[in-house]
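The values are calculated or read from the model by the stated rules, or taken from the named source; none is laboratory data. Quantities reported herein were computed from a predicted structural model and do not represent experimental measurements. In this analysis, Cβ positions are derived from the backbone assuming ideal geometry, glycine residues included, and neighbour counts consider all displayed protein chains. Each accessible area value is taken on the protein alone, full model and side chains, heavy atoms only, with ligands, DNA and RNA left out. Shrake-Rupley method; radii C 1.70, N 1.55, O 1.52, S 1.80 Å.
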Amino acid sequence: VSVLRHPEWHTPARVAEYEREFARGLKRACHLVAVSEFTRRETAALLGWPLERISVAYNGAREHLRPVPVEACAPVLRKYGLAP
């Protein structure tokens, strides 16, 4: 959805690919899957799709996705001038 809402966040090649391929794929779809309720509603608004035809399937957690210790983050935060 971000390509449609914010094309400036993507490379011109990616935007062009979406312009070529997305509408064709959408015509073939009978149902869409979104990663959040916000994305579901945003998709419905952008595409004019009824909410009943868009389901939410939340992203699952993976074992390797866990909090990083503060001491491991500190050098990276300093490098980019970011606050903890």
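Annotation: peptides 18-28, 56-66, 32-42, ranked by per-residue average of other Cβ atoms within 10 Å with the highest first, follow the order 32-42, 18-28, 56-66. Remark on LEU32: its backbone amide H falls under 5 Å from those of ILE54, SER55, a criterion applied only to residues 5 or more positions apart or on other chains, H modelled at 1.01 Å from N.
Surface analysis of the stretch 5-84 yields an accessible area of 85 Å² per residue, using protein heavy atoms and a 1.4 Å probe. Just how far, in whole angstrom, is the stretch 1-39 from the stretch 58-84 if you go by their alpha carbon centroids? For the stretch 58-84 versus the stretch 1-39, the Cα centre distance is 29 Å. Here the contact order of the chain, divided by its residue count and restricted to Cα pairs under 8 Å and six or more residues apart, works out to 22 percent.
Can you tell me how much longer the chain between ARG20 and GLU63 gets when fully stretched, taken as 0.36 nm per residue apart minus their C-alpha distance, in nm with one decimal?
11.8 nm
Report summary: the helix-based calculation at 222 nm, which adds -39500 (n - 2.57) for every DSSP H run with n ≥ 4 and divides by the residues of the chain, gives -15000 deg cm²/dmol. Recomputing mean projected area of the Cα convex hull in nm² from the coordinates shown identifies the correct label among (1) 5.0; (2) 5.8; (3) 8.3 as (3). What a 1.4 Å probe finds exposed on the chain is 59% carbon and sulfur by accessible area, rounded to a whole percent.
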